[in-house]
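Rule-based calculations on the coordinates, nothing more; no lab input. All values reported here derive from a predicted model rather than from experimental measurement. Please note: Cβ atoms are built from the backbone with ideal geometry, for glycine as well, and neighbour counts cover all protein chains shown.
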Amino acid sequence: MAQGAGRVKPLEEARAEVLSSVGLLDVEEVPIWEARGRILAGDVTARENVPPWANSAMDGFAVRGVDVADAGSVLDVIGDLPAGSITDAEVGPGQAIKIMTGAPMPAGADTVVRVEDTRVDGSSVTVTKPVETGTAVRPAGGDVAVDDVVFAAGTRLTPMHVGVLATIGVGHPLVYRRPRVAFMSTGDELTPPESPGLAPGAIRDSNRPMLLSLLEDTGVETVDLGIVPDDIAALREALDQGSKADVVVSTGGVSMGDYDVTKLVLQGDARVDFWQVAIQPAKPFAFGHIGDALFFGLPGNPVSVLVSFEQFARPALLKMQGARAILRPQIVARAGEVFDTDPEKTVFVRVLVDGWEEGIPRVVRSGAQASNVLSSAAAADGFALVRRGTGQVGKGEEVTVEMFKWPESREWADGR
Ligand code: AMP
Ligand code: MG
C-alpha cells in the first residue's frame with residue numbers, strides 16, 4: 001500500500017481509539033504540599049465539621065436573640081472570648097459575652113451583635129439597633145458537614161481543593177501516580193534554542209521546550225531525550241531509551257518526506273499505527289506502543305504539535321491519571337469575521353476573544369494560520385472548531401471555541 005493511502009479518520013474516532021488503549025496508573029499518597037495538579041483516586045469524605053463548632057462571624061457581643069429584637073436593650077457583660085479560647089460561662093437572659101471573630105459561640109447565645117451596633121458603659125453594653133436572631137453566627141458544618149463527600153474521585157486538585165483538604169485534615173490525599181513521559185524532537189535541521197546563531201538551513205527547536213511546558217501543565221514527570229537527528233540508529237536508540245518511561249512523545253518525521261525517519265523506523269512495527277486524521281493542522285499522527293510505553297508520534301510543525309498534543313496526548317495523560325474531565329472547556333462564541341476552511345477536515349482556527357457581541361464573546365483570528373506560525377498560537381485564547389463538513393462560519397454566526405487560556409486582562413471586556 002502506498003504511503004498515506006489509508007483512510008482518513010475523523011477526529012472523534014481517532015481520539016476514541018487513543019483513549020481506549022489508555023489504562024489507569026497506580027495510586028499513592030502524597031503530602032498535601034505536593035498535591036496541586038494531582039488527581040484524586042477516591043472520594044474524599046469529611047470526618048469532621050468545618051467549622052467544627054458554631055462561631056462568631058464578627059467582633060461583637062454574643063447574646064440571646066430575644067434580648068436584642070428591639071433597639072436600646074441594655075445587657076450585662078459577663079466575659080470575654082478571643083479567637084481560640086472557649087468558656088464555661090453561659091449567656092443568660094439580659095447577659096452578653098464579648099466575642100472576637102472566629103471564637104466559639106458560648107452556651108446560651110444564638111446571636112452576635114457587632115461592635116459597631118453597641119455602646120459600652122463599664123460592665124454593661126447597650127445595643128443601639130434591633131438585631132435578628134442568628135445574626136453573625138457561622139453554624140457548625142456550615143462549610144463542610146461530617147460525612148459529606150467533599151470531592152469525588154477523579155477531581156484534579158486546584159489550589160482551592162488543596163485548601164479545603166487542609167481544612168478537613170486530609171494531610172496525605174490518595175492520588176494517581178504521575179506518568180513518566182519521555183519526549184524528543186527529531187530533525188537534522190534542529191538547533192537548540194540556547195544556540196547563539198543559526199547555521200544556514202537550520203531552525204531552532206521550538207517543539208521541545210513547548211512540549212515540556214505542555215507536559216508540565218498536564219501534571220506529568222518528564223524525561224528530555226533531546227534533539228534526535230534523522231538517523232535510523234540514533235532514533236532507534238532514543239525510542240529504546242524512551243520505552244522505559246510510561247509514555248514516549250516524539251515530534252517530526254511522521255509525514256511523507258524522504259527523511260521522515262520516525263516513519264521509516266516504526267512503519268513495519270505492528271504495534272504502531274500511522275494515521276491520517278481529518279483535522280487541520282496536524283493531519284499525520286502516529287500512535288501505538290513501544291515496549292510497554294504508549295507512543296505518540298506528533299507531526300513536526302509547531303502548531304501541529306500543539307493541536308495533536310491537545311487533541312490526543314493531553315486527554316490520554318489526564319485519563320491515565322484518573323481524571324474525570326479530560327477535555328478543555330468549550331464555549332459558544334460569535335465569529336467576528338468569516339472563517340473559510342477545508343470542509344473535509346475539522347479545522348482548529350487560532351482565535352482570541354476581542355469583545356462581546358449580543359451577550360457572548362466574539363472571536364477573531366489571532367494571526368496567520370499556517371502550521372509553522374506559532375506566534376499566532378501564543379496570541380490565541382483558544383481554537384475555534386470549524387467542524388468537518390462545515391467549511392465556513394459566517395461573520396456573526398456562532399462557533400464553538402475550545403479555550404486553552406482565558407484572557408486575564410479586562411481590557412477586551414471594557415471594549416478598548
Ligand atoms: P517533518 O514532519 O519532520 O518534516 O517536520 C515538518 C516541519 O516542521 C519541517 O518544516 C520542520 O523543519 C519543522 N519542525 C520539525 N521539528 C521541529 C521542531 N522541533 N521545532 C520547530 N520546527 C520543527
Ligand atoms: Mg523532520
quick note, the stretch 55-138, DSSP beta bridge pairs, % antiparallel (nearest 5) is 75
Counting Lys and Arg as +1 and Asp and Glu as -1 over every other residue whose Cβ sits under 10 Å from the Cβ of E28, the net charge comes to +1
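In the chain, what percentage of the DSSP-assigned beta bridges are antiparallel, given to the nearest 5?
Numbers: 57 of 87 bridges.
If I count the DSSP bridges inside the chain, around 65 percent turn out antiparallel.
Taking Cα pairs under 8 Å and at least six residues apart, what relative contact order does the chain come out at, in percent?
Dividing the mean separation by the residue count of the chain yields 15 percent.
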Taking a straight Cα-to-Cα line shorter than 24 Å from K263, and setting aside same-chain lysines fewer than 8 residues away, one finds K9, K244, K283, K345
Net charge near L264 (other residues with Cβ under 13 Å of its Cβ; Lys, Arg +1; Asp, Glu -1) is -3
Volume per residue (Å³) of the convex hull spanned by the alpha carbons of the chain is 206
Sorted by chain and number, the residues with a modelled amide H under 5 Å from that of F285, at a separation of 5 or more or across chains, are W275, V277
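If I stretch the segment between D224 and D143 completely, what's the gain in nm (0.36 nm per residue apart, minus their alpha carbon distance), one decimal?
Working: separation 81, 0.36 × 81 = 29.16 nm, distance 4.37 nm.
Using 0.36 nm per residue and subtracting the Cα-Cα distance, I get 24.8 nm.
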As straight-line cross-link partners of K129, the qualifying lysines (C-alpha separation under 25 Å, not fewer than 8 residues apart within one chain) are K98
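Net charge near L298, counting Lys/Arg +1 and Asp/Glu -1 over other residues with Cβ under 12 Å of its Cβ?
On the way: positive: R208, K283, R314; negative: E310.
Cβ neighbours under 12 Å give a net charge of +2.
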Rounded to the nearest 10 degrees, the helix 232-242 long axis (Cα) sits at an angle to the longest Cα principal axis of the chain of 20
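Translational D (Stokes-Einstein, µm²/s) of the stretch 129-182 at 10 °C and 1.306 mPa s when Rh comes from the Kirkwood sum over C-alpha pairs?
Details: Rh = 14.5 Å.
Estimated via Stokes-Einstein, D reaches 110 µm²/s.
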Length-normalised contact order of the stretch 207-317, Cα under 8 Å, at least 6 apart, in percent, tallies to 25
Ordering 259-269, 126-136 by per-residue average of other C-beta atoms within 10 angstrom, highest first, gives 259-269, 126-136
